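All remarks here apply to the structure that follows.
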Amino acid sequence: MEWIGRSIPRIGAQTRARGKALFGGDVPLEGPLILKLLRSPRPHARILSINTERAMKNDGVEAIFTAKDIPGRNLIGLITKDQPLLAHDKVRFVGEPVALVAARDEESAIRGVEEVEVVYEDLPAIFTPDEALDPGAVPIHEKGNLLHRRVVVKGDVEDALSRAHLVVERTYSTPFLEHACLEPDAGWGYVDKDGTLVIVASTQNPHYDQREVAELLGVEKERVRVIQAATGGGFGSKLDLTVQGFIGLALYHLRRPVKLTLSREEVFLATPKRHAMKIWMRTAARRDGRLLALEAKIICDTGAYSSYGVAVATRAAVHATGPYEIENVRVESLAVYTNNPIAGAMRGFGVPQVAFAHESQMDILAESLGIDPLEIRRINAMRPESVTATGQVLGESVGLLEALDAVEPHYREAMEEWKKGPRRPYTARGVGLGAMWYGIGNTGVRNPSTVKVQLDERGRVVLYIGAADMGQGSTTVLVQMASETLGISPEEMEVVIADTGLTPDAGASSASRQTYISGNALVRACRKLSETLLEEASRLMGLPRGELVLRGGNVVSKEKPERRVSLAELAALAKERGVSLEFEGHFDPETTPLDPSTGQGIPYATYSFACQMAQVEVDLLTGQVEVRRIVAAHDVGKAINPKGVVGQIRGGVAMGVGFALMEEFLPGSTRSFKDYHIPTAADMPEVIPIIVESSEPTGPFGAKGVGEPALIPTAPAILNAIADALGERIYALPATLERVCEASIRAGWPKMGKGGGPR
Amino acid sequence: MVRGYSRPRSLDEALEMLARLTPRALPIAGGTDLLVDLREGRLGECHLVDISRLEELKVLEKRSGKIRVGAGLTFSEVERSGLLRECAPVLVKASSQVGSLQIRNVGTIGGNVAHCSPAADTIPALLVHRARVVLRSSNGSREVALEALLGGPYKALLAPGELITEFVLEDASHMWGEFSKIGRRRELAIARLSLAALARKEDGRIGELYLALGAGTPVPRRMESAERALLGKRPQEGDLWEAGWLMAQEMVSVSGPRPSTHYKEKAACGLLVRTLLPLLEDGS
């Protein structure tokens, strides 16, 4: 293969490196009006009145909009429509938008926001799912405080528990996290000559944005066009509407250019977070390490509105077994409303949280049974034809054993040599493993993609791809697939990305789905084009169709390579003959919905697998943890662009280090990067990425996905390594200085040498 | 809200400006703390007087046995100075652990002291160097011990219109020094605790020892109970634990019990042990 498996440079990287890319905050128009939001200072309150009179008296203020100015349906949400764009009767979290000010300059906008008068009547606020589920709790939404309950049951758990040699039962907790994208949410808009409202924004989800804005405004979808600006990271936070709805509302009323850029503080305050979770887990095993049963109760704090809450709770339930075959399963997962910030999608949709639990359980079992941690994973690892918790029989692309094998030499070396090597006094070394599986695409629901390819009149191939590239590199791998299918180098193609006015709907760039799903759609479109071109060429050249191939921008005879016809000639000919050279390819992975009462079904067409190993050094005196090395083996099916895969792995590890050791968003107190720590380059371990390719028959060139999987095993591996170092385990993330120090003391450290000891 | 900005060309001009514009005048050097406060709207109306380029604040010399260090020196300049590496090792080590390279390139030691954060990295270092502070205003100058300037968290006892111009340190040539810091990450982290230590061993005994703790008390301070416990000793590991424990108790008695005490008590003790291990008899 010429283009598949090659690390071509990231498409668009040069533009960005040269500072030429236009991000959401870069408005190439003169004098847009500045938009600013008035946000609720109350976590839960009725709005008695909103008075904009005084604010409107400011010279620079052009307009102020409230809920009553929304002409269509003032209700948004990715799965469940339960969130107003602007609050009307009540507010449900601190930071909820209440009014939108449009002003000629920044200062007027700020003054306008300050002078809108809102009278609230406080309602009891609820900050934990436990309180929210109390029968006497005040309902945050009319339907109550339970957004979603997902059950996955299989086999006979009671019977398995009675047969088990060992049952391990623990409770784990994980905090809210902020995505911490380099680029805060931003966008701008204008009204086109034909009256279309054009919104250019930092987004992962342009076609959803378009539908949602049209519904808000009560206009035809075609009257709204959403174009993705260059986007500086998404990680799930730019799947929801952030600025798009407000820009649309202002355009609708004002018909002139506007811009809205959220401050970093607003991003922290008001954009969706990773769900905080409490996970109770009971795992039963035989004496030989074989897992018999898994029970879990997962409580997800979904915050004030649903966002992707249903998907997160469901995915957490489906993945709760970890990548292991377990015959008897009983999982219940609840997404619960509170008056905390909205929790939505964040890289992994709940799987990083449950992976912390199931991987801790594996190590506890291994230790109690006297089995090597790698071995117990191998004994239970999913393999081809394994049956999952939802009753799905896996296909042939299950590369977990290969990933474990790939990590093994590093693991043995670390355990047998590195761990025993010389080190500073009062430090301990530990080695830990984390394994994971991750279903590609949305869970048991349709999530199609359509891609369009065209050979234009000049003989140039143009790809119309709706998939937002927010830095993960989807455009690059999709173009490589087109190159492979059409025999044209990437530079010779034109690509139009994520513009609802031009590109078909590829669905969201989430769930690690674009390589697999849009990749398939694109290959299908390109194959249609190549078939037609070969047929046309066959007719023109008088050669049998089977003798021809597409190569280097020509159709060439395999036998006599000097006989060729260029795409430009074919395009001209096709135009003459009235043959269309525009094709769409469509792909929707084959899944079945999960049964509501048992959770049985086929939620995903394929899964990625991985195993990571962490080597950590723990300071027994102060609780400081240094992650020295991460070995990360990921089964991606096929690496279309190996450097891109490695980039995802390194980025995932960085995020995993943060999740493991320092990141924690505390509603009401975390305000910005001042108090929210993400790892810097100095905190990064050596990373050894290993690409495992267990080809997926239904994947484009065998590919699956790696975006989210890259992050999932890191924190479990680090926490297992800390437990290995200390001989004591931490059950709540992040493993802060305090928690590690505490665990160190619980373990009886520091164990003194000569000369006395601590009191 | 910034209502004005001036960049005086000399120290005298700066002092005159500060006097004239008081109380709105706000001296700015590196701005690494000030800009954060400004952004958070904590400073009210102000007029910035930029002192970052005043050569008079960049003094660096050894004179009559004392080391004079200009308050306008950046952390990076301190880190790179051969004189300070020799004569003020703890200040150099502390400066090299401030924030990140970008912050060290603009932030100044004078600003670090004037901002008077409980977690300021250079204050414990200056304390073990027994720094005195030279202050100037349009009315004249005065010199005080650093301790006397530390009024409370974020409260340096500077008179209106007064600038820190330099620090006068005892010469620490041939002394052993260390600065250790616990942060939530390795760089760009505010100290959860920090410890500055400066010592001289004589015939295997600890002849001189200065310890100062950062981020454990309302302002960084010398930890004399621990110093006393070790002075004159040929320390064994148990002595370090003893001293560490004394220091932790001193910290708690100054700060009173807080939610963070649970951790900081143990960590302070551990930090002392970790930091002073090189002073052990067998050097282990």
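Read-outs: derived from the displayed coordinates by stated rules, not from any lab. These figures come from a predicted structure and were not determined experimentally. Here the Cβ is made from the backbone with ideal geometry for all residues, glycine too, and neighbour counts use every protein chain on show.
Observations
- The order of the peptides B:34-45, A:423-434, A:137-148 by mean Cβ neighbours within 10 Å, most packed first, is A:423-434, A:137-148, B:34-45.
- For the stretch B:57-170, a simple Cβ point-charge model (Lys and Arg +1, Asp and Glu -1, everything else neutral) yields a dipole of about 160 debye relative to the Cα centre.
- Modelled this way, with points 7 Å down the Cα-to-C-beta line, the labels at A:ALA568 and B:THR261 are 8.3 nm from one another.
- Sorting A:ARG282, B:ARG258 by the number of Cβ atoms found within 10 Å of their own Cβ, with the fewest placed first, yields B:ARG258, A:ARG282.
- All lysines inside 20 Å of B:LYS58 as judged from Cα atoms, apart from same-chain residues fewer than 8 positions distant: B:LYS66, B:LYS93
- Sequence of B:MET251, A:MET541, A:MET362 once ranked by neighbouring C-beta atoms within 10 Å, starting from the fewest: A:MET541, B:MET251, A:MET362
- Zone residues, the stretch B:87-115, relative to B:ASP171, backbone N less than 16 Å from point 7 Å out along Cα-to-Cβ: B:87-89
- Average partner coverage of A:741-749, which counts Cβ from other chains inside 10 Å: 2
- Label-point gap, in nm, between A:GLU375 and B:VAL254 - each point 7 angstrom along Cα→Cβ: 5.4 nm
- Taking every alpha-carbon pair under 8 Å whose residues sit at least 6 apart, chain A reaches a relative contact order of 15 percent.
- Fewest-first ranking of A:TRP3, A:TRP437, B:TRP176, using other Cβ atoms within 10 Å as the exposure measure: B:TRP176, A:TRP3, A:TRP437
- B:GLU224-A:LEU75 pseudo-label distance in nm [points 7 Å out on the Cα-to-Cβ vector]: 7.1 nm
- Among the residues of B:267-275, the average count of other protein chain beta-carbon atoms within 10 Å of the residue beta-carbon is 5.
- Computed from backbone phi with θ = phi - 60° and the Karplus coefficients 6.51, -1.76 and 1.60, the 3J(HN,Hα) list for the stretch A:697-714 is x, 8, x, x, 6, x, 7, 10, x, 9, x, 7, x, 4, 8, 4, x, 5 Hz; x is used for glycine and proline.
- Extension reserve of the A:SER162-A:VAL393 stretch, reckoned as 0.36 nm per residue once the Cα distance is removed: 80.5 nm
- Relative contact order, percent, the stretch B:176-281 [alpha-carbon distance under 8 Å, six or more residues apart]: 23 percent
- Rel. contact order, % - alpha carbon contacts under 8 angstrom, at least six apart, the stretch A:448-587: 35 percent
- 10 Å Cβ neighbours from other chains, averaged over peptide B:184-195: 5
- Ordering of A:484-494, A:180-190 by packing is A:180-190, A:484-494, highest average first (other Cβ atoms within 10 Å, averaged per residue).
- Packing order of peptides B:271-281, A:573-583, highest average first: B:271-281, A:573-583 (average count of other Cβ atoms within 10 Å over each peptide's residues).
- Amide hydrogen proximity for B:LEU193: with H placed 1.01 Å from N in the peptide plane, the residues at 5 or more positions away or on another chain lying under 5 Å are B:ILE182.
- Candidates B:ALA94, B:ALA229, B:ALA197, ranked by Gaussian network fluctuation over chain B, Cα under 10 Å, top entry: B:ALA229
- Residues A:ARG446 and A:ARG18, FRET efficiency given R0 of 41 Å [Cβ-Cβ distance, rounded to 0.05]: 0.55
- A simple rule links phi to the HN-Hα coupling: the Karplus curve 6.51 cos²θ - 1.76 cosθ + 1.60 with θ = phi - 60°, which for the stretch B:236-246 gives 9, 4, x, 5, 5, 4, 4, 5, x, 5, 4 Hz, with x for Gly and Pro.
- Close amide-amide hydrogen proximity is noted between A:ILE11 and A:THR476, each under 5 Å apart and 5 or more residues distant or on a separate chain (H modeled in the peptide plane; Pro and chain starts excluded).
- Calculated on the alpha-carbon coordinates, the convex hull of chain B measures out at 127 cubic angstrom per residue.
- Computing FRET efficiency as 1/(1 + (r/R0)^6) for A:LEU254 and A:SER49, where r is the C-beta to C-beta distance and R0 is 25 Å, gives about 0.55.
- Antiparallel bridges, percent of DSSP beta bridges restricted to the protein assembly as shown (to nearest 5): 80 percent
- Considering only B:ARG132, B:ARG104, B:ARG80, the mean-square fluctuation computed in a Gaussian network model of chain B, springs between alpha carbons under 10 angstrom, is largest for B:ARG80.
- Working note: Karplus 6.51/-1.76/1.60 with θ = phi - 60° gives the stretch B:86-99 the couplings 7, 9, 9, x, 6, 4, 5, 5, 5, 4, 6, 9, 6, x Hz, where Gly and Pro are set to x.
- Over chain B: helical MRE at 222 nm, DSSP H runs n ≥ 4 each giving -39500 (n - 2.57), nearest 500: -10000 deg cm²/dmol
- Pairwise FRET efficiency - A:THR171 versus A:VAL496, Cβ, R0 = 60 Å, nearest 0.05: 0.75
- For A:GLY399, residues with placed amide H under 5 Å, excluding near neighbours: A:PHE609
- Percentage of interatomic Cα-Cα distances in the stretch A:34-181 larger than 17 Å: 72 percent
- Listed residues B:SER225, B:SER64, B:SER141, most fluctuating in chain B (Gaussian network, C-alpha, under 10 Å): B:SER64
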